[in-house]
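*Asks:* Sharing a structure with you now.
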Amino acid sequence: MNALRPRGACPGLSTPMLTGDGLLVRFAPTAPVRLPAFASLCRAAEQHGNGTMEVTARGSLQVRGLDDRSAGAFASDVAALGIPAADGVTVAASPLHDAHAFADADAIASCVRAAVAAAALALAPKVSVVVDGGGRLHLDELKSDIRLRAVEGGTYLHVSLAGDARTATPLGEIAVADAPRCVADLLAVIAAHGPMARAGDVLRDRGIAAFRASVPLLPPRPLRPRAPAEPLGTHGLKDGGTALGLGLAFGHARASDLVALAELAAHHGAAWLRPAPGRALLGGSLAPEAARAVARDAASLGFIADRNDPRRRIVACAGAPCCASGHLAARSIAQDLAQHLPPGNSVAVHVSGCAKGCACQKSAPLTIVGTEHGCGIVRNGTVRSRPVAVVAEADLVGLLRSEDEDALEAAHV
């Protein structure tokens with residue numbers, strides 16, 4: 001039996017997490033996954049789990065419904081497939097080396113992972129690093145302790161600390177070749193602050209000077225703001241090919257449908273699939289006309305190919321019965337509500353099985369929170385805001401669709 005996940009750590013292949021529908025494992029491929037291996041991975045998820053697979057907001061894969069015996073068998077099957085996956089400190093890289101990127105984020109991240117592993121630091125379980133190649137499919141929304149972003153020319157990386165692209169504190173610039181040692185040294189500063197410390201804790205207690213003293217840096221140049229990353233649709237690659245991005249409705253899909261998607265992509269000439277931030281899958285490399293054909297056929301399997309699909313307007317967690325903390329069937333409710341939302345891609349509704357808000361911590365026009373007493377309705381707030389009403393789950397969709405005009409207006413319906 002694999003060890004269960006320690007408190008505060010992420011559920012990896014060797015450390016599954018107990019949830020409402022059994023054990024859950026999470027892992028992040030560090031490179032595109034060849035289609036035969038991807039299909040075999042999905043078949044293993046169906047054989048050993050309950051057949052539900054997820055892509056998280058940060059672009060990791062999750063497999064649900066494992067048990068004490070099958071979790072170990074699943075981990076062995078994945079190891080046999082040779083899928084490259086991160087272990088230890090999370091180092092997330094831009095999922096595409098697109099035509100607009102300044103540097104190959106995967107290559108940089110690989111060297112950073114090796115340096116961090118060699119440093120063998122005692123770090124908090126959720127300490128993370130982001131390596132952004134500077135392309136259009138960037139990682140500005142991901143929060144991390146250390147952020148590296150390639151700047152124009154591709155020979156230097158902008159370094160910032162503690163936050164997403166908007167909130168992180170700029171530190172300086174380094175040459176790409178110096179990135180591995182720089183990250184290891186910065187992580188050593190965090191580790192010296194305590195086994196549960198994060199970069200933000202060091203900044204608060206010791207200031208930015210603690211980090212600047214550890215590594216030589218050039219002054220940081222101002223970064224240009226970028227349009228939000230959009231994983232769906234086609235993306236030109238540095239090698240001249242095309243990648244296609246597809247969404248998973250509310251972040252999950254049946255393993256059998258993912259196998260069908262892999263076979264469909266292979267039929268049209270693709271070689272790989274890869275999970276991406278934003279609960280998406282990227283596939284390539286394809287000719288433009290082949291990408292259009294895959295998008296059309298993938299939509300018939302339930303995947304999201306249209307950037308304005310109403311399902312993109314709802315963020316939902318797994319909810320009950322998948323999550324032991326869930327008080328409502330979040331995904332089922334989300335599916336019902338999506339049928340009554342107009343097209344668009346801005347979030348209008350957040351459905352959370354409980355007050356933890358695992359799927360979204362931000363404010364939404366309409367938030368539905370599962371409680372012991374029913375569905376709490378929050379307008380223009382978060383899961384922790386005070387509900388304006390509490391209704392029974394069975395009455396929720398009908399109420400929001402026809403009776404509560406104010407709630408619909410709050411959701412921009």
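The values are calculated or read from the model by the stated rules, or taken from the named source; none is laboratory data. Small disclaimer: the values here were computed from a predicted structure and weren't measured. With ideal geometry, Cβ positions are generated from the backbone for all residues, glycine too; neighbour counts draw on all protein chains shown.
*Asks:* Suppose we filter region 293-317 for residues that are farther than 21 Å from His373 by Cβ and assigned to a loop (DSSP other than H, G, I, E, B); how many remain?
*Replies:* Residues meeting the conditions: 8.
*Asks:* Here's a follow-up. Taking the options Ala243, Ala162, name whichever one is in the same structural domain as Thr52 (by TED's automatic domain parsing), buried (at least 18 other Cβ atoms within 10 Å of the Cβ) and assigned to a strand (DSSP E or B).
*Replies:* Ala243
*Asks:* Every residue in region 42-63 that is of a type outside the set (Gly, Ala, Ser) and farther than 19 Å from Gly247 by Cα, please.
*Replies:* Listed by number, the residues that qualify are Arg43, Glu46, Gln47, His48, Asn50.
*Asks:* Among the residues of region 379-393 satisfying the criterion of being over 24 Å from the mean Cα position of the chain (by Cα) and among the charged types (D, E, K, R), which is nearest to Thr367 (Cα to Cα)?
*Replies:* Per the stated criteria, the residue is Arg379.
*Asks:* Let me ask another. Only one of (1) touching a Phe, Trp or Tyr at 6+ places or on another chain (Cβ under 8 Å); (2) crowded, with 19+ Cβ neighbours inside 10 Å is not met by Gln335, so which one is it?
*Replies:* Of the numbered conditions (1) touching a Phe, Trp or Tyr at 6+ places or on another chain (Cβ under 8 Å); (2) crowded, with 19+ Cβ neighbours inside 10 Å, the odd one out for Gln335 is (2).
*Asks:* Could you say which residue among Leu248, Leu282, Leu258, Leu301 is surrounded by 24 or more Cβ atoms within 10 Å (Cβ to Cβ), modelled with pLDDT of 95 or more and not acidic (Asp, Glu)?
*Replies:* Selected residue: Leu258, the only one of Leu248, Leu282, Leu258, Leu301 that is surrounded by 24 or more Cβ atoms within 10 Å (Cβ to Cβ), modelled with pLDDT of 95 or more and not acidic (Asp, Glu).
*Asks:* Would you check if Arg204 is surrounded by fewer than 17 Cβ atoms within 10 Å (Cβ to Cβ) and in a helix (DSSP H, G or I)?
*Replies:* The answer is yes for Arg204.
*Asks:* Going by the conditions given, is Ser285 in the same structural domain as Glu46 (by TED's automatic domain parsing), within 30 Å of Cys358 (Cα to Cα) and of a type outside the set (A, V, I, L, M, F, W, C)?
*Replies:* no
*Asks:* Those residues that are within 19 Å of Ala389 (Cβ to Cβ), touching a residue at least 60 places away in the same chain (Cβ under 8 Å) and outside any loop (DSSP other than H, G, I, E, B), I need them from region 335-364; list them, please.
*Replies:* Passing the criteria: Asp336, Leu337, Val349.
*Asks:* Sticking with this structure for a sec: Out of all the residues in region 266-277, is one or more part of a loop (DSSP other than H, G, I, E, B), buried (at least 20 other Cβ atoms within 10 Å of the Cβ) and under 22 Å from the mean Cα position of the chain (by Cα)?
*Replies:* Within region 266-277, one or more residues are part of a loop (DSSP other than H, G, I, E, B), buried (at least 20 other Cβ atoms within 10 Å of the Cβ) and under 22 Å from the mean Cα position of the chain (by Cα).
*Asks:* Search region 365-413 for residues being charged (D, E, K, R), outside any loop (DSSP other than H, G, I, E, B) and modelled with pLDDT under 75, and hand back the single one that is nearest to Arg331 (Cα to Cα).
*Replies:* Ranking the qualifying residues of region 365-413, first place goes to Arg401.
*Asks:* How do the strands (runs of 3 or more DSSP E) wholly within region 29-146 filter down when requiring 1 or more residues that are under 16 Å from Ser14 (Cβ atoms) and within 15 Å of the chain's Cα centre (by Cα): which remain?
*Replies:* Qualifying strands (runs of 3 or more DSSP E): 61-66, 90-93.
*Asks:* Do you know which residues across region 172-192 are closer than 16 Å to Ser128 by Cβ and either in contact with a Ser or Thr (Cβ under 6 Å, 6 or more places away or on another chain) or not in a helix (DSSP H, G or I) (or both)?
*Replies:* Matches in region 172-192: Val189 only.
*Asks:* Let me ask you something else. Which of the numbered conditions does Ala229 fail, given that it passes all the others? Conditions: (1) modelled with pLDDT of 95 or more; (2) closer than 22 Å to Cys111 by Cα.
*Replies:* Status for Ala229: all satisfied but (2).
*Asks:* Picking from Ala197, Ala168, which residue would you name as being within 24 Å of the chain's Cα centre (by Cα), free of Cβ contacts under 8 Å to residues at least 40 places away in the same chain, assigned by TED's automatic domain parsing to the domain that holds Asp132 and farther than 15 Å from Ala103 by Cα?
*Replies:* On inspection, the qualifying residue turns out to be Ala168.
*Asks:* Within region 339-365, take every residue that is more than 27 Å from Gly233 (Cα to Cα) and touching a Lys or Arg at 6+ places or on another chain (Cβ under 8 Å) and give me the one that is surrounded by the fewest Cβ atoms within 10 Å (Cβ to Cβ).
*Replies:* Ala355
*Asks:* Follow-up. What number goes with the only condition from (1) of a type in the set (D, E, K, R); (2) outside the structural domain of Leu246 (by TED's automatic domain parsing); (3) within 20 Å of the chain's Cα centre (by Cα) that Asp336 does not pass?
*Replies:* (3)
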